[in-house]
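What follows is a short report on a single structure.
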Ligand SMILES: [Zn+2]
């Protein structure tokens, strides 16, 4: 049952979870449409980027392995924090 590292963390976690639930709710309502539109734009941009990368890599032919560690766009920066301590990011 102990998903959190301490009691005060638990209290913070409760607030955090409420905020998360709120975010999720809003995201589920508003995000659906926005996300679809974003995905379309993102895919188009991604394709442009890839084309540009391909051109660059073809031009420089250095064989550098940077392509696999391109920074991902999006909002998943919290994931590493989530695993560092407990279930609560920023703990
Ligand atoms: Zn914690």
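None of the figures in this text is laboratory data; all of them are computed from the coordinates on show. Owing to the predicted nature of the structure, the values given are computational and were not obtained by experimental measurement. Glycine also receives a Cβ, built like all others from the backbone with ideal geometry; neighbour counts cover every protein chain displayed.
Among the residues of the range 2-18, is there at least one that is more than 16 Å from the ligand (Cβ to nearest atom), on the phi < 0 side of the Ramachandran plot, in a helix (DSSP H, G or I) and surrounded by 10 or more Cβ atoms within 10 Å (Cβ to Cβ)?
Narrowing the range 2-18 to residues more than 16 Å from the ligand (Cβ to nearest atom): 18.
Adding the requirement that they be on the phi < 0 side of the Ramachandran plot leaves 18.
Still in the running and in a helix (DSSP H, G or I): 18.
In the following step, the residues that additionally are surrounded by 10 or more Cβ atoms within 10 Å (Cβ to Cβ) were identified as 18.
Yes.
Of the listed requirements (1) away from the ligand (no atom under 16 Å from the Cβ); (2) loosely packed, with under 12 Cβ neighbours inside 10 Å; (3) closer than 27 Å to residue 90 by Cα, residue 58 misses just one: (3).
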